[in-house]
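One structure below.
The values are calculated or read from the model by the stated rules, or taken from the named source; none is laboratory data. The model shown is predicted, which means the values in this text are computed figures rather than measured ones. Quick reminder, even Gly has a Cβ in these numbers, built from the backbone with ideal geometry, and neighbours come from all protein chains shown.
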Amino acid sequence: MGSPDHFNQRVMVTPISTKRVEDVKSDALNTLLHISDLDSLDEWRVQYLGRKGQLTQLLRGLSSAPENDRAQIGAAANIAKTVLEEQLRLREADLKAEHLSGVVDRERIDVTLPGLPVPEGKLHPTTRMVREITTAFASMGFQIEEGPEIEYERYNFDMLNIPSDHPARDMWDTLWIDQARPDGYRPLLLRTHTSPMQARVMENIDPPVRVVVPGKCYRYEATDSTHEWHFYQVEGLAVGEGITFADLKGTLYEFARRIFGEDRKIRFRCDFFPFVEPGVDMSISNFKDKDGNRPINRDEDWIEILGAGMVHPKVLEGVGYDPDRYTGFAFGMGVERIAMLKYGIDDIRLFYSNNTQFISQF
Ligand code: FA5
C-alpha cells in the first residue's frame, strides 16, 4: 500500500464525479478566454484535451466511479469534451483571422501614393543613328547585311585592289591580330573599314546588288575631337547593269535630305580610294545652333562624312563579275560624325566615355 507506485497511481487517476467534470470544463473555458495567440492555444489543447490532458485523464478514470453514476458522469464528460473541442475550433479560427488581418494591415499598399519613378533605359546615340541611316536606305530598296569585325587581310585590302606593297595601305592604320608567315599564311586584323563586306557580299550573290552594312571599325590612330580609334561605319553597295555616277549622287543626296532635312548643304569633292574610280568624298554644311554659332569645328564650313565612288573594275573582276556588263557605286560613311552633325555634338570621344549624362540626352 505504501509503495511509491501505488502512491503515484492514486494521484494520477483523479477521483471522478460529475462535479469534477464540470469543474475541469469551466476551468478550461475560463482559461480559453485569456488566450490570445495560436501557440498558447495549442498549449491549452494539450493541457485539457491532449493524451495526458485533464479531461482525457478523467475519462480514463471512469471505471473507478460508482457503477450507478458511471453513465451520467460518462455523458457529462463526453459533452464537456465536445464543448471544449468546439470552443477550440472557434478560437483557433478567430485567432487565425486576427493574425491574417494583422499581416494585411502591416503590408497594406496605399494605391493612392504616387509611384516611384522607374529609370528609363535608352538606346545609345550610335545605335539610334545606325538605325536611322539603315532605315533611310532600306526604304530606298537596300538590304541590310552585317559582317565580321575580325577580318582577313585579303578582304580588308587585297580584294579591294590594295595589294600588300601598295602605299594606299597607309591610309588605314591597322590593328593586326597576327602576322604573315613565309608559308603564305595570311594574317587577321581588326577591320579598318566596312568595305571588306563589298567583296564578301558580291562573292555570295549575283547582281543586282543593293546592300548597306553597318558595323564597327578599328584604327591604330591618335584620337581627337573628330577621330576615335574605334567607330562605326555604314557601307553601301549597288551593282547592276547601267548604274552611273548620277545614281550615286542621287542616292546620297536623298539620304542626306532624309537625315539632315532640306536646309543642310552637300558638297562632293574628288578623292582617292583604290577600290573606286572615280572616287569622291562627301561633306555636309556645318551645324549651326539657334544663335548661328557652330559648336563643332568652329572654323569649318564643311564636315566630311563619307567616301564614295564607282566600284573599280578590278574589284568587280576579283569577285567574278563581268566589268563590261556591270557597274556600281559604293560608299562608306562615319556614323558618329553624322550624329555629331545632326545633334551638334562637339567631341566624338564623348560617345564612348561611358558618360551616362551625355548618353541620356538622346
Ligand atoms: C573609308 O573607310 C572607305 N572604306 C570609304 C569608302 C567606301 C570609299 C566605299 C569609297 C567607297 P575613310 O577612311 O575616309 O574611308 O572613312 C570613311 C568615313 O569614316 C569618314 O568620312 C569618316 O566619316 C569616318 N571615319 C574615318 N576615320 C574615322 C575615325 N578615326 N573616327 C571617326 N570616324 C572616322
* To do: Output the number of the condition that GLN233 fails; it satisfies all remaining conditions of (1) in a loop (DSSP other than H, G, I, E, B); (2) under 19 Å from THR126 (Cα atoms).
  => (1)
* Check the stretch 131-142 and report whether any residue there is assigned by TED's automatic domain parsing to the domain that holds HIS230, modelled with pLDDT under 95 and either within 26 Å of the chain's Cα centre (by Cα) or under 28 Å from ILE205 (Cα atoms) (or both). => no
* **Scope the stretch 214-259; condition near the ligand (Cβ under 10 Å from one of its atoms), buried (at least 16 other Cβ atoms within 10 Å of the Cβ) and aliphatic (A, V, I, L, M); matching residues** => VAL234, LEU237, LEU248
* State whether the residues of the stretch 148-156 include one that is out of contact with any Pro (no Cβ under 9 Å at 6 or more places or on another chain) and in the same structural domain as LEU252 (by TED's automatic domain parsing). => yes
* Cross-chain or 6+ apart pairs with Cβ under 7 Å, the stretch 146-172 first and free of Cβ contacts under 8 Å to residues at least 24 places away in the same chain, then of a type in the set (A, V, I, L, M) -> ARG169/ILE162
* To do: Could you tell me whether the stretch 186-207 includes any residue that is more than 13 Å from the ligand (Cβ to nearest atom), basic (Lys, Arg) and either under 21 Å from ALA330 (Cα atoms) or surrounded by fewer than 17 Cβ atoms within 10 Å (Cβ to Cβ) (or both)?
  => yes
* In the stretch 260-280, the residues that are of a type outside the set (Phe, Trp, Tyr) and crowded, with 19+ Cβ neighbours inside 10 Å -> PRO274, VAL276, VAL280
* **Pick from the stretch 322-340, criterion more than 7 Å from the ligand (Cβ to nearest atom) and buried (at least 21 other Cβ atoms within 10 Å of the Cβ), ranking: farthest from PRO125 (Cα to Cα)** => THR327
* Which ones in the stretch 322-337 are touching a strand residue (DSSP E or B) at 6+ places or on another chain (Cβ under 7 Å) and modelled with pLDDT of 95 or more? -> TYR326, THR327, GLY328, PHE329, ALA330, PHE331, GLY332, MET333, GLY334, VAL335, GLU336
